[in-house]
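The values are calculated or read from the model by the stated rules, or taken from the named source; none is laboratory data. Here the structure is a predicted model, which is why all the values come from computation and not from measurement. In this analysis, Cβ positions are derived from the backbone assuming ideal geometry, glycine residues included, and neighbour counts consider all displayed protein chains.
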Amino acid sequence: MRNLYEVLGVPRDADQAAIRKAFRQLARQCHPDVNKAPDAEARFKEINAAYEVLSDEQRRAWYDEFGDASLRTGFDPEAARAWRASARPGPEVFGGGGGVDLEDLFSSLFGGGGRGRGSPFARGWNQETVSVRRRGPDMEARIEIDLLTAIRGGDVRLSLRRPETCRVCGGTGGTGRQTCPACKGSGRRTSQRFGLRAVVRCEECAGSGSVFARECAACGGSGRTMATHDVKVHVPAGVVDGQVLRLKGLGGEGRDGGAAGHLLVTVSIRPHPFLRRDGHDLEMDLPVTIGEAVGGASVCVPTPDGEVRVRIPPGSSGGQRLRLRGRGFPKPGGGRGDLFLVVRPVAPPAADEEIVRTARSLDRAYPGDVRADLRLDGS
Ligand SMILES: [Zn+2]
Ligand SMILES: [Zn+2]
């Protein structure tokens, strides 16, 4: 995966205004409606995905700290810090290397669950300062809509499984505390790795030194359970295939008063059996009888806005395009493209002799050989 800053072409310390500006510029250039290069759509998605993260200060901070790992669904920064602190003991930490900071080292050496809490440096701070509000994780989902919903906009129901506070224990994870049997209450354990000995945070008690006397059976002590929710996703008119809709606060629940994460919904659009999209224009075949094609007619045609009456000019050939202005796909800046009807004369099924004779009499009306211009070489 490419670095998100490189995707948007901004430096790592770019402010929000610069990020927004770069995003808008690139999105305009690569919008699949404008840019017909084969990789334009993939690039557009990549730009959108990068902007989703970098425009959100919290997610950007996680990305800076954890890189691509932070982009996974349900990413938990506390768990990632704990894992990193325990997985890289001793001199490896000092050896530098990606993103390990001293605070992680201290928290693994001195115990303390999460940043600062319980570490010698945090003692004496009031609880307000050291409590960590944890924003809920962002969640991802996909919806498939038909082309008409993309044109008109509309609401789509989505069944979503997401973690929420355990109803049985209210999120505490259990009752009563007892000394952690794994570390005997110290919150630290000695780890042996690559022949090096190092003191790391106890995984059993997350460094706190104690565990629940009675762990909640419903959530296994985590304080969270998975629950299924129905979510209504509003799809704006003019949504394009691969676009990501961001529903604020509909992701995973926050902890300790933290805000809920976002729900990122990727939209894919099913092909329509009759309507084809070409940029902001739509195209549809319009079957007509031979009589209608020759003599002209006024016919009823279904469009995304309901039925309209369309005049077929006399002498319409197959492939002729009739334009219905403003009945196409919505444009980003307002207004809509056009709907083109492609005239397709349909021959009747097997007819009796008299009808065949009548049809053949039409041949006299052609000024010359209808295939006169049909040549495959240039001469
Ligand atoms: Zn529980
Ligand atoms: Zn322990």
Check your understanding: Is the stretch 229-246 home to any residue that is in contact with a Lys or Arg (Cβ under 9 Å, 6 or more places away or on another chain) and either within 16 Å of ligand 2 (Cβ to nearest atom) or at pLDDT below 85 (or both)?
Key -> yes
Practice item. Considering every residue within the stretch 151-166, establish whether at least one is over 20 Å from the mean Cα position of the chain (by Cα), under 30 Å from VAL265 (Cβ atoms), of a type in the set (Asp, Glu) and away from ligand 2 (no atom under 16 Å from the Cβ). Key: yes
Point to revise | Conditions (1) more than 30 Å from ARG360 (Cβ to Cβ); (2) modelled with pLDDT under 95; (3) loosely packed, with under 11 Cβ neighbours inside 10 Å; number of the one not met by GLU307 | key: (2)
Check your understanding: Residues that are within 30 Å of ALA260 (Cβ to Cβ): which strands (runs of 3 or more DSSP E) entirely in the stretch 157-225 hold 2 or more of them?
Key -> 174-179, 210-215
Check your understanding: Only one of these conditions is not met by SER191: (1) within 16 Å of ligand 1 (Cβ to nearest atom); (2) more than 18 Å from THR165 (Cβ to Cβ); (3) not β-branched (Val, Ile, Thr). Which number is it?
Key -> (1)
**Study point:** VAL240 vs. criteria over 25 Å from the mean Cα position of the chain (by Cα) and either part of a loop (DSSP other than H, G, I, E, B) or more than 26 Å from PRO32 (Cα to Cα) (or both)
**Key:** no
Review point. Does GLU215 satisfy the criteria of being under 41 Å from the mean Cα position of the chain (by Cα) and within 10 Å of ligand 1 (Cβ to nearest atom)?
Key: yes
Check your understanding: Among the candidates SER186, SER119, which residue alone is hydroxyl-bearing (Ser, Thr, Tyr), surrounded by 13 or more Cβ atoms within 10 Å (Cβ to Cβ) and modelled with pLDDT of 85 or more?
Key -> SER186
Review point. With respect to the numbered conditions (1) modelled with pLDDT of 85 or more; (2) more than 14 Å from ligand 2 (Cβ to nearest atom); (3) of a type outside the set (Phe, Trp, Tyr), which one is the sole condition not fulfilled by GLY209?
Key: (2)
Check your understanding: Quick check: anything in the stretch 68-87 modelled with pLDDT of 85 or more and surrounded by 19 or more Cβ atoms within 10 Å (Cβ to Cβ)?
Key -> no
Review point. Restricting attention to the stretch 310-356, which residues are in contact with a helix residue (DSSP H, G or I) (Cβ under 7 Å, 6 or more places away or on another chain) and among the aromatic types (Phe, Trp, Tyr)?
Key: PHE329
Review point. From the set of residues in the stretch 214-228 that are surrounded by fewer than 12 Cβ atoms within 10 Å (Cβ to Cβ) and closer than 30 Å to VAL156 by Cα, which is nearest to ligand 2 (Cβ to nearest atom)?
Key: MET226
Check your understanding: Restricting attention to the stretch 155-186, which residues are at positive phi and more than 15 Å from ligand 1 (Cβ to nearest atom)?
Key -> LYS184, GLY185
